[in-house]
Amino acid sequence: MTIASLIATPSELTDNASSKTAIVLMTRIRLARNLAGQPFPGWARPAQRAQILETCRGALAATTPMKRSLSVAVNELTDLEKQILVERHLISRELSGSPQGSGVVISRDQTFSVMVNEEDHLRIQVLRAGFQLKKAWNTINDLDTALEERLDFSFSPTLGYLTACPSNLGTGMRGSAMMHLPALVIAGQMEKVVRAVNQLGMVVRGLFGEGSDASGSIFQISNQTTLGETEEEIIKRLGNVLQSIVEHELNARAKLLEADSGKVFDKIGRAYGILQNGHLLSSGEAMNLLSLIRLGVDLGVFSDAYRSVIDRLFIEAQPGHLQHAQNAAIEPLQRDLLRAARLRAEFTGMVRPDFTFAANRKN
């Protein structure tokens, strides 16, 4: 498989046929693993990094989920290709800037992505559309077991899997969900939710992880503790927290409809008008407008059929995907013009919003 063919193939998050849910856009589980007897990537010499990369790529190629996958070194990718992989959540921003000796192996359906020589020798992750924590865990556990038959992982009976950062010791597992929480944002309750989540040992980040903003009212919530609990315990605790956040978002939507439906409908209506008629849209503004349309879908203002369209556009309206569609590097202003034109084309035929059903829900 080539990088060109992978980019041309719909991913778990951009395929309209994927299962979609109202609030949880994506579930991800990531495992950090390191090879016994080898220095962590940050301490390894170039020759050691290169050897670790080849060893890991060979082991991955022998597993069932990763057969006929894309296996490529980071320095073989163009800047635009790396940006697209970041936008699809298949590699981290840190890996995209890694020195020689780093790589990634991505399954054909883009549900599995394994980064080699990022912070750890292996960062194994699985992506699933919707709220599928248990299914994601079972899937990644099978791949981890298959790799453990081929690679000697660094493990301590007392500390668990040894990792470059002490915060990943133990299971080395981070479970997360990408959640669409516009009502909590509109109601000004997100800060309270973040504090509560932090007290429960979870962390809240933006759309593209640590250091990124939550454009489109999209947040990533993940466990912070990996030591002292089993994977199943972490999954259960994280699932309970995520379900609680879902309920808070649903309650916030109900209260907004009851107390200030005019304000909500105005925001959705304005977003609809701008997306149909705007000629200059930044990435952040486009994300926020699409977020309001998705909220409109969830409230019954628009047909459910548009939910998967919006989820696809969340990714395809990003700078890398826009430039790839034009097969050229484009300056920011031109990207904003192109983004607006692309969204106008998507929304021109969209049925006008019907606020009647949503208005009746508050009664």
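Values in this text are rule-based calculations from the coordinates and carry no lab data. Everything quoted here is computed from the prediction, not taken from an experiment. We place every Cβ from the backbone using ideal geometry, glycine too, and count neighbours over all the protein chains shown.
Assorted remarks:
- Integer Hz, Karplus 6.51/-1.76/1.60 couplings in order for segment 80-93, x for Gly and Pro: 5, 4, 5, 5, 5, 5, 5, 5, 8, 6, 8, 9, 8, 5
- Applying 0.36 nm per residue to the separation of residue 251 and residue 165 and subtracting their alpha-carbon distance, the gain on full extension is 27.2 nm.
- The Cα trace of segment 3-116 gives Rg and Dmax of 14.8, 48 Å, the first to one decimal, the second as a whole number.
- Total charge dipole magnitude, segment 1-129, about the Cα centre, Cβ charges on Lys, Arg, Asp, Glu only, Debye to nearest 20: 300
- Tail weight of P(r) past 26 Å, computed on alpha-carbon pairs of segment 118-260, percent: 30
- Mean separation of Cα contacts under 8 Å, 6 or more apart, over the residue count of the chain: relative contact order %: 19
- Among the trypsin sites (Lys or Arg not before Pro) in segment 1-96, those located in a DSSP loop and surrounded by at most 16 other Cβ atoms within 10 Å of their own Cβ are 67, 68.
- Within the chain, longest stretch clear of exposed GluC sites (Glu not before Pro) (DSSP loop, no more than 16 other Cβ within 10 Å): 211-363
- Model label sites at residue 327 and residue 100, defined 7 Å from Cα along the beta-carbon direction, differ in position by 3.2 nm.
- Full extension of the chain segment joining residue 304 with residue 76 gains 78.0 nm, where the gain is 0.36 nm per residue of separation less the Cα-Cα distance.
- Taking all C-alpha pairs of the chain, those more than 39 Å from each other amount to 18 percent.
- Cα centroid separation, segment 251-314 to segment 155-224: 25 Å.
- Residue-wise HN-Hα coupling along segment 143-157, computed from phi with Karplus coefficients 6.51, -1.76, 1.60 (Hz; x: Gly, Pro): 5, 4, 5, 5, 6, 5, 6, 10, 10, 9, 7, 6, 9, 10, x
- Modelled label reach - residue 9, point 7 Å along Cα→Cβ, segment 97-125 residues with backbone N closer than 11 Å: 106-112
- Close amide H pairs (under 5 Å, H built 1.01 Å from N) link residue 153 with 36, residues at least 5 positions away or on another chain.
- Percent of Cα pairs exceeding the 25 Å cut-off, where the set is segment 260-363: 21
- Rounded FRET efficiency, nearest 0.05, which uses the C-beta distance separating residue 200 from residue 55 and R0 of 45 Å: 0.70
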